[in-house]
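Participant: First, the structure itself, so that you have it in front of you.
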Amino acid sequence: MPAPHGFEYAVRGDGSVAVSHRRAVVTLLRGERAARFLAEVEAGDPQQVMARWTGNYRHGNERTARSHPRNTSR
């Protein structure tokens with residue numbers, strides 16, 4: 001599966017963090033969640049962290065899973 005790409009984040013003046021994917025804001029973090037996110041981004045791969053925090057980390061394998069025998073109706 002390809003590595004996530006296209007994510008960006010911006011720290012706003014009020015301390016909140018806006019995470020965007022392909023220039024569209026997908027989540028806004030405030031307070032303690034914003035602080036935890038920033039600490040995690042600094043410690044790891046920023047693209048992976050942002051994909052996980054926004055929920056966009058599963059894309060790519062859904063078509064393969066759909067055709068698996070346990071997922072087909074009988």
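Participant: So which pairs qualify, if the first residue must be in segment 28-39 and closer than 12 Å to MET50 by Cα, the second must be in a helix (DSSP H, G or I) and open to solvent by less than 50 Å² (accessible area, probe 1.4 Å), the Cβ gap must be under 6 Å, and the two must be at least 6 apart or on different chains?
Facilitator: Going by the 6 Å Cβ cut-off, the qualifying pairs are LEU29/PHE37.
Participant: So the check is Cβ under 9 Å with 6+ separation or different chains; which pairs have a first residue in segment 45-74 that's of a type in the set (Lys, Arg) and a second one that's surrounded by 10 or more Cβ atoms within 10 Å (Cβ to Cβ) and modelled with pLDDT under 75?
Facilitator: Sorted first by the residue in segment 45-74, then by its partner, the pairs are ARG52/PRO4.
The values are calculated or read from the model by the stated rules, or taken from the named source; none is laboratory data. Since this is a predicted model, take the numbers as computed values, not measurements. Positions of Cβ are backbone-derived with ideal geometry, glycine not excepted, and every protein chain shown enters the neighbour counts. Only protein heavy atoms, including side chains, enter the accessible area calculation; ligands, DNA and RNA are left aside. Shrake-Rupley method; radii C 1.70, N 1.55, O 1.52, S 1.80 Å.
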